[in-house]
Structure formats: structure tokens, C-alpha cells
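Below is one structure, written out as C-alpha cells; comments come after it.
The values are calculated or read from the model by the stated rules, or taken from the named source; none is laboratory data. Given the structure is predicted, the values throughout are model-derived calculations rather than measurements. Positions of Cβ are generated from backbone atoms using ideal geometry, with glycine treated the same way; all protein chains shown enter the neighbour counts. Accessible surface is based on the protein model in full, side chains and every heavy atom, while ligands, DNA and RNA are left aside. Shrake-Rupley method; radii C 1.70, N 1.55, O 1.52, S 1.80 Å.
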Amino acid sequence: MKLSLTLTRFSGDADTGLHYDRYLREVIDFLEKDQHFREKLHNTDMEDIKEGKLAKELDFVSHHVRTKLDELKRQEVNRLRTLIKAKQDIEGGNDIAVDHQALLKQFEYLNHMNPHTFEVDDLDRLIKSATKDLENYDKERHEEFKKYEMMKEHDRREHLKTLDDEERKKEEEHYEEMKKKHADHPKVNHPGSQNQLKEVWEEADGLDPEDFDPKTFFNLHDANGDGFFDEQELEALFTKELEKIYDPANEEDDMVEMEEERLRMREHVMNEVDSNKDRLVSLDEFLVATKKKEFLEPDSWETLEQNQAYTDEEMREFEEHLAQQEQDLNQKAVDLQKQRDELERQQDQLNAQKIELQQVSRSKPLLEIHQVDNQVHPEQDAHPQENHAAPHDPHNTPQEHHEPQNQNLAQQGLPQVHQDLPPGHHEIPQDQHNLP
């Protein structure tokens, strides 16, 4: 084997379906620009690639290519960090510090501990991750299609529940009619069989089916001329067969089902022809397959409508899961409403407290004025009846009664009320102060 699908399918415009597809293809495209690496790539078998022998050749590529690979890795690390930040924002964790190093561990196809340079370990990780992920990719696609079909059937059943008896009967009749129309199509040839390839030879290539030649056919449909049929090149061979079953203009034909049928056909041919399981069909493998009985006298091909994607038990479990999801969502809605009611109650309490504080703030200045007035004229508030009392004898007035009055008189520059004198002293009359 010369060239592994694990690497060659990543160059060009074909999308692998992997979330790091662009990074993967750009790395391989630049590596193939280095003559030394390109030669090693075309002469290394799958097992050596898996064991990391090809990755070690990175040490011998040109400085220009290494510099570009460093740049690609930095861009990819920044892309992943942006994705992590976006996911955090969606989940409402804006105030939480992000440990990018911890989160980057989930991306096994690069060495996140060194985000600046592309090393041998990065290439080894990239190849191994792509190999493993692609092996699981078809399996995941089948699972997604199964869920799609079950959801479609679930929605149909739920719709029927909304109809009355007469409408339900009409809907069921229409459904059965569409199934029959879809199943009414020309015979589908067994994928990869002589009849199927001859039909392509005649209708797509415009050649006489009597002149069919497997080697010429292979060369005609090896689009990139690398000596192999990759998955995209194989799938292109089934277009004529799929057009017999599916027409996007027809109500009864589902284009999602068409792509699943294409995948089934490609997987079948790979299992029959790809003897070394490298996910490529070489010319030699193709020629060997054309001599087998299965190629010359194939069994009939059962299409999707003859092979339901799910069992009754799987459908039952799927609907139970949907019912549980709906119940969980309803409970979350109830909990959220309770939280909303509680927040509104707390807001009402805060508003009431705010109004109370505003009322207190408005009444406080009046209270302060009243307190100041009491300090200036305390006797008026404390003893209002003294305003009508008989004039008191200044000689008999206690000293403490004169102190507030004396202070007021002193402030006005007037004589103060006399104070009690020690024994043996007499107060000098006011008119004697001016005697010589």
C-alpha cells in the first residue's frame, strides 16, 4: 500500500466531518509541499503510520514548512480557546476564571502543553486521533440517522393524536400512499457489482457496455489520479442508483435518507473490496474484486425502505426518553416560575423598605428643628406656667436660676443678674459704682 486514507483524504476540499478538519487538511497540505516528507508519505504503510514512524520524519522537513506548521498550530490553539470561551458565555459563566490548559486536554489531536511550536508529537497525535475518529465517524452517522428516523415517526404519531377520527384516517391513508410511491422505483443494482458499474460506464461515461473494461473504468473514476478510490470517489459511483430511488421534487422522497443509503452502499463496497482495511480501494484490489462471483452474480440489494433503521424496542425506549425529557423540562419550568415568584416577592419587600426609608428621611428635618428650638427655649416648653407668675425678688433668686439669663444678657452687652456673695460681703448698689 502506498498512501493511507488517513492522510490523503484530508487534502483538497473534501470535508472529513471532524471538528478539526480544516487544521488537519492544512497540516497535510503543507507537509506534502516538502519533497522529503511527500516521498516518505507515499512509501509508508498504514501500520508504520499508526506506530508513529512517519511522524518522526517531521525533523527532516524544511524550515519554511516547520515555520508554517508552528503558525497553524498557534491558530488552532487560539480557535479552541475561543470556542471554550464562547461555550462558557453561553452557559452563563462569565465571572468564572477559565483554566484553558485543563479544558484543552480534551483535544487529543495536539499537544496543548506547547501551544507555540508544531513538533513530532503533534503530528503523531494528529494522525492517531484522525484514524480513531474516522473509524467511529460512520458509526456515529448511523446513530444520528436512527434518531432522525425515530423522531420523524414520533412527530407523525403525535400529529395523529391531534386529529379527529376522520382526519386521522385520511392522514394514515396518505402516509401509506407515500410509502408505496417511494417504493415504486426501478431495480437498484447491487453496489460495486458488474451491472452497477456497467450502468455508470454507459450512462455517465457514454461508453458501450459491451466494451466495459475494469481497469479503464478505474482510471476514469480515480478523480485525483493517485491510484486509489477513496470514500468520496466511491460514493460518486452510486449517484445513478440513488437517482432511481430519490427525487428532491417528490414529497415521498427524503434526502436525508438518500445520504444514508449512499453511506450504506459505500460501506458495503469497502467491506467487500478493501482487503487490507485501509479505507482505500487500490487498483489491484479493484481488479481482484471484479473476478469474484459476487461481482458477476450479485444478490439483490435491499434499500432502506426494506430495512427499517430501528427496532420496535428502540422506538419504545426512544419515546420513553422523550417523555422523560419533557417531564424534566416541565419541572424546570415550574422551578423557574417559583424562583421568579420569590424574586418578585423579595423585590416587593425591597420597594416597601425603600418607601419607608424615604418617609423617614422626609420627617427627620422637622424633628431636628423641634429639637433645636427646645434647646434654645427649654423653660418655655418645660414650665409654660411661669410666664404668668409674679415678679420674683432678685435677692431671693437661686444662683442656678440666673445662669441662663446672665448668659443671654452678657451676649447682648447688658448687666448680668447679681450672684450670691460670700458671707460678710454686700453687693454694691448699681448707682454707687459711679461714685468718686
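Here's the yes/no breakdown for (1) touching a Lys or Arg at 6+ places or on another chain (Cβ under 8 Å); (2) on the phi > 0 side of the Ramachandran plot:
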{"residue": "R168", "(1), (2)": "no, no"}
{"residue": "L197", "(1), (2)": "no, no"}
{"residue": "H221", "(1), (2)": "no, no"}
{"residue": "G225", "(1), (2)": "no, yes"}
{"residue": "E231", "(1), (2)": "yes, no"}
{"residue": "L237", "(1), (2)": "no, no"}
{"residue": "L242", "(1), (2)": "yes, no"}
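At least 3 residues being in contact with a Gly (Cβ under 6 Å, 6 or more places away or on another chain), farther than 26 Å from K73 by Cβ and not aliphatic (A, V, I, L, M) is the threshold, and among the helices (runs of 4 or more DSSP H) wholly inside the range 99-191 not one reaches it. Annotation note: Cβ proximity below 8 Å between a residue of the range 194-216 that is in a helix (DSSP H, G or I) and a residue that is surrounded by 14 or more Cβ atoms within 10 Å (Cβ to Cβ) and of a type in the set (S, T, Y) (sequence gap 6+ or interchain) occurs for Q194/T290; P214/T290. Within the range 171-218, the residues that satisfy the criterion of being open to solvent by 90 Å² or more (accessible area, probe 1.4 Å) and farther than 24 Å from R264 by Cα are E173, E177, E210, D211, K215. Under the condition of being among the charged types (D, E, K, R) and in a helix (DSSP H, G or I), the residues counted in the range 250-271 number 8.
Can you name every residue in the range 219-232 that is open to solvent by 20 Å² or more (accessible area, probe 1.4 Å) and part of a helix (DSSP H, G or I)? Within the range 219-232, N219, L220, H221, Q232 meet the criteria.
Screening the candidates F218, F212, F228 for the property of being more than 29 Å from H42 (Cα to Cα) and in contact with a Leu (Cβ under 9 Å, 6 or more places away or on another chain) yields one hit, F212. How about the range 300-337: which of its residues are outside any helix (DSSP H, G or I) and among the aliphatic types (A, V, I, L, M)? Residue satisfying the conditions is A309 alone. Of the residues making up the range 39-78, those that are of a type in the set (K, R) and either open to solvent by less than 60 Å² (accessible area, probe 1.4 Å) or without any contact (Cβ under 8 Å) to a residue 40 or more places away in the chain (or both) are K40, K53, R66, K68, K73. Sub-7 Å Cβ pairs linking a first residue in the range 272-299 that is in contact (Cβ under 8 Å) with a residue 24 or more places away in the chain and part of a loop (DSSP other than H, G, I, E, B) to a second residue that is of a type in the set (S, T, Y) and open to solvent by less than 90 Å² (accessible area, probe 1.4 Å), at least 6 apart or interchain, are D278/S4; P298/S193, ordered by first then second residue.
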